[in-house]
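The values are calculated or read from the model by the stated rules, or taken from the named source; none is laboratory data. Note that the structure is predicted; figures quoted are calculated from it, not measured. Cβ placement follows ideal geometry from the backbone for every residue including glycine, while neighbour counts extend to all protein chains displayed. Heavy atoms of the whole protein, side chains included, go into the accessibility calculation; ligands, DNA and RNA do not. Shrake-Rupley method; radii C 1.70, N 1.55, O 1.52, S 1.80 Å.
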Amino acid sequence: MPSGESFFIATPIFYVNDVPHIGHAYTEVAADVLARWHRQGGDDTWLLTGTDEHGQKILRTAVANGVEPKQWADRLVESAWKPLLETIDIANDDFIRTTDERHESAVRIFLQKLYDDGFIYSGEYEGYYCVGCEEYKQLDDLELTEVGDYAGQLVCRIHSRPVEILKEKNYFFRMSQFEEQLLELYAARPDFVQPESVRNEIVQFVRQGLSDLSISRSSFDWGIKIPWDETHVVYVWFEALLNYITAIGYGVDDEQFARRWPAVQLVGKDIARFHAVIWPAMLMAAGLPVPHRVFGHGWLLVGGEKMSKSKLTGIAPNQITDTFGSDAFRYYFLRAITFGQDGSFSWEDLSARYQAELANGFGNLASRVVAMVNRYEGGTLPEPGAPDEADLAIQAVVAKAAADADAAIERLAIHEAIAAIWTIVDELNGYITEQEPWVLAKDDATRPRLRTVLYTASEGLRALAVLLSPVMPKATAKLWTALGAEAGLGALPSNDIRDAGTWGQLPPGSQFGALDALFPRIDEAAESGAA
Ligand code: MSP
């Protein structure tokens, strides 16, 4: 077991009514990069993801497809959601399904506790309900459409679909009791909800006053039965939020629970209210700690609108990875979009960055340096001489980039971390152009200088292989091998991300291997086919 601090990170669990698009993949990749970073820093890391399978939305989809809801969920999980994780190279530690017995039984334990402690009562509710959101809506959340199929109807602002009027005898959670406590939480821990735009929206929402929350449904039965009244199932959101604790042994395995909880939670900003208002209120009622933080990232937009399958703007992740590979997918979305803001996706931008930053920037740098060590030194990393100013400048850039990147990751500013690491790519490319190792190689008198230059450039690559590994695990593994870093010559360079800035880790004498292009040229036919 790693000795470091616990780092538990969770993605939202995904609805299985449809197949994934790149918006879903975006949340996954961000969480995976943070998890890999912490894992590589020796923290006791756990990445949880999974699927949200109950509720009306899934039931209706299953009925429309003529199968039982569980059968539908099984099909989608196996054919679409688990394969997504491979497509984009996610190293999750667990995958929870809300139809897992471990989830259902722990949800019952949680509910019974809240009921016994007086936080749940029965009442009647009537309101507008959006099945797309699986949520009762206030009038503010709706708009009256004037044109199109739904002209004259009230539609949900998020889904642009008409809402339904529901009237039910329900069980209610006394959420209104937690208004003050939530406001105190936001004030005492400004980091609890981030970024600032989402935090402000949440604080304003709670300040307007909280109502109690309807947490059961009796008009359909695709859900977890309420333990003391089996004619009701638990409201899908109330149950889905509990996945973050049922997956780590809540109510069953106290040791595992204590080791992991609380979590860092990444969510799209559309579901920040559920995670930053309802979820902490539920935890407070149960006497449990709230999450470390809830970060609401922005949306991927296509044509200025949130990408979604229902609006037919969904792009499947493998449309991108089949051509560009999973490393480029991961890099592109985290580099091009400020984490926490919306970002527009375009094939042109993706191709341009692939070519300029990955193929010509990082890939070419790696190929050139490895090829020169092979060509001029027979593949053996030379012993460097005393460093001059230019060499020392590279050492300083590496140390600063590693420290800045780690600090940025701590703030969940993933784009800043990558930008900090990229200063190494840019500086090293400049260094090689200036030092002209191919000229130094021509003359015996400059051979000692050549060795120092090659060593310096190789050490820079060593740092890049470590620092970029959470973002681009495949390319950096190839580079690491080509640098002979696994061959075991004396002290091995450290793979610990928090040691990445320490200079001089590659032992002289390391045997380099060959390195194929890390980011091969995309042939134009494939590229335009993808577009
Ligand atoms: N099942 C709920 C979450 C329950 S968590 C207890 C849900 N599922 S979802 O499949 O609709 O969305 C999952 C995640 O994907 C959310 O974080 C959502 O914001 C994200 N995205 C869906 N479309 C997106 C974009 N176009 N852009 C970025 N992320 C988006 O909500």
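Couple of notes before you dig in:
- Ranking by accessible area, most exposed first, for GLU239, GLU179 with a 1.4 Å probe: GLU179, GLU239
- Solvent-accessible area per residue, Å², over segment 347-499 with all protein chains present [probe radius 1.4 Å]: 39 Å²
- Amide N proximity, segment 9-45 versus ARG259 label position 7 Å along Cα-to-Cβ, cut-off under 14 Å: 43-45
- Working ranking of peptides 275-281, 444-450, 258-264, 4-10 by packing, defined as the average number of other Cβ atoms within 10 Å per residue, highest first, is 275-281, 4-10, 258-264, 444-450.
- In percent, rounded to a whole number, the relative contact order of segment 347-499 is 27, using alpha-carbon pairs under 8 Å and six or more apart.
- Taking amide H as placed 1.01 Å from N in the peptide plane, GLU135 has its amide H under 5 Å from the amide H of CYS130, each at least 5 places away in sequence or on another chain.
- Restricting segment 126-233 to chymotrypsin sites (Phe, Trp or Tyr not before Pro) that sit in a DSSP loop and have at most 14 other Cβ atoms within 10 Å of their own Cβ leaves TYR150, PHE220, TRP228.
- When only Cα pairs below 8 angstrom with a gap of at least 6 residues are kept, the chain shows a relative contact order of 15 percent.
- Accessible-area value, LYS169, 1.4 Å probe, nucleic acids and ligands omitted, Å²: 100 Å²
- Long-range HN-HN contacts of GLY298 with modeled amide H, under 5 Å: GLY340, GLN341
- Peptides 358-370, 92-104 ordered by average Cβ neighbours within 10 Å, highest first: 358-370, 92-104
- Here the gap between ALA390 and PHE220, fully extended at 0.36 nm per residue and compared with their Cα-Cα distance, gives a gain of 54.1 nm.
- Note on the chain: with charges restricted to the Cβ of Lys and Arg (+1) and Asp and Glu (-1), its dipole about the Cα centre is near 240 debye.
- Using θ = phi - 60° in the Karplus curve 6.51 cos²θ - 1.76 cosθ + 1.60, the 3J(HN,Hα) couplings for segment 79-94 round to 8, 10, 7, 5, x, 4, 5, 6, 4, 10, 6, 8, 9, 7, 8, 8 Hz; x is entered for Gly and Pro.
- With θ taken as phi - 60° and the Karplus curve 6.51 cos²θ - 1.76 cosθ + 1.60 applied, the whole-hertz 3J(HN,Hα) list for segment 173-179 is 9, 6, 5, 4, 5, 9, 3 Hz, x standing for glycine and proline.
- Across the protein chains, with a 1.4 Å probe defining accessible surface, the residues GLU196, GLU68 rank GLU68, GLU196 from largest area downward.
- Whether segment 10-126 is rounded, prolate or oblate, judged on the alpha carbon gyration tensor where a/c under 1.5 counts as rounded: oblate
- Whole-angstrom gap from segment 338-417 to segment 186-233, using each part's C-alpha centre: 43 Å
- Fully extending the segment from GLU348 to ARG207 would add 46.4 nm, taking 0.36 nm per residue of separation and subtracting the current Cα-Cα distance.
- Taking only Cα atoms of the chain, radius of gyration then Dmax in Å: 26.3, 90
- Phi-based couplings in Hz for segment 289-297 (Karplus 6.51, -1.76, 1.60; Gly and Pro marked x): x, 7, x, 4, 7, 10, 10, x, 7
- FRET efficiency for VAL67 and ASP270, using Cβ-Cβ distance with R0 set to 35 Å, rounded to 0.05: 0.80
- The chain - mean residue ellipticity at 222 nm from DSSP helices (-39,500 (n - 2.57) per run, n ≥ 4, rounded to 500): -13000 deg cm²/dmol
- Taking the protein heavy atoms of the chain in the context of the full set of protein chains, the accessible area attributed to carbon and sulfur is 49 percent at 1.4 Å.
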